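To keep things clear, I will list the structure first and then write my remarks on it.
The values are calculated or read from the model by the stated rules, or taken from the named source; none is laboratory data. The structure presented is a predicted model; accordingly, all values stated were derived computationally and were not measured. Heads up, the Cβs are rebuilt from the backbone with ideal geometry, glycines too, and the neighbour counts pull from every protein chain shown. Ligands, DNA and RNA are excluded from the accessible area calculation, which covers all protein heavy atoms including side chains. Shrake-Rupley method; radii C 1.70, N 1.55, O 1.52, S 1.80 Å.
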Amino acid sequence: MKQINLKLPDNLFLAAQRHVESFGFRNIQDLATESIREKVFEKNEYDETFSKEEIELVDSLISLSIKKRDLISEDELNKVLLD
């Protein structure tokens, strides 16, 4: 992972801060990362990079689905996803 320094005009910084607060981003850095990701991967069907939090969310969803018997097994999930 690389770190960058980003300077923003005051009005853009304030607008970004409002956007962060309105749309549930943790901070402006996360907003910038997501914005860059959208631009860079705009023409792809999906972005193949996942954050640790996104992977944990998917794992939790799978586990909960199996526990609630919405899915029978990991094999069934793979069959649905790969078909």
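Given the residues Leu14, Leu64, Leu6, Leu57, which is the only one that is more than 15 Å from the chain's Cα centre (by Cα), open to solvent by 60 Å² or more (accessible area, probe 1.4 Å) and within 30 Å of Asn78 (Cα to Cα)?
Unique residue meeting the criteria: Leu64.
Scan (1) modelled with pLDDT of 80 or more; (2) more than 21 Å from Ile4 (Cβ to Cβ); (3) of a type outside the set (Gly, Ala, Ser) for the single condition Ile36 breaks and write down its number.
Of everything listed in (1) modelled with pLDDT of 80 or more; (2) more than 21 Å from Ile4 (Cβ to Cβ); (3) of a type outside the set (Gly, Ala, Ser), Ile36 misses just condition (2).
I want to confirm something. Restricting to the range 67-83 and keeping residues that are in a helix (DSSP H, G or I) and modelled with pLDDT of 75 or more, which single residue is least open to solvent (accessible area, probe 1.4 Å)? Write out each step before concluding.
Start the filter on the range 67-83 by keeping residues that are in a helix (DSSP H, G or I), which leaves 67, 74-82.
Checking the rest, the ones that are also modelled with pLDDT of 75 or more come to 67, 75.
Values: Lys67: 170, Asp75: 121 Å².
Per the criteria, the residue is Asp75.
Quick check on my filter: what residues within the range 1-30 are closer than 22 Å to Lys52 by Cβ and assigned to a loop (DSSP other than H, G, I, E, B)? Break it down into steps so the answer makes sense when it comes.
The initial filter retains those residues of the range 1-30 that are closer than 22 Å to Lys52 by Cβ, namely 1-4, 20, 23-30.
Listed by number, the residues that qualify are Met1, Lys2, Gln3, Ile4, Gly24, Phe25, Arg26, Asn27.
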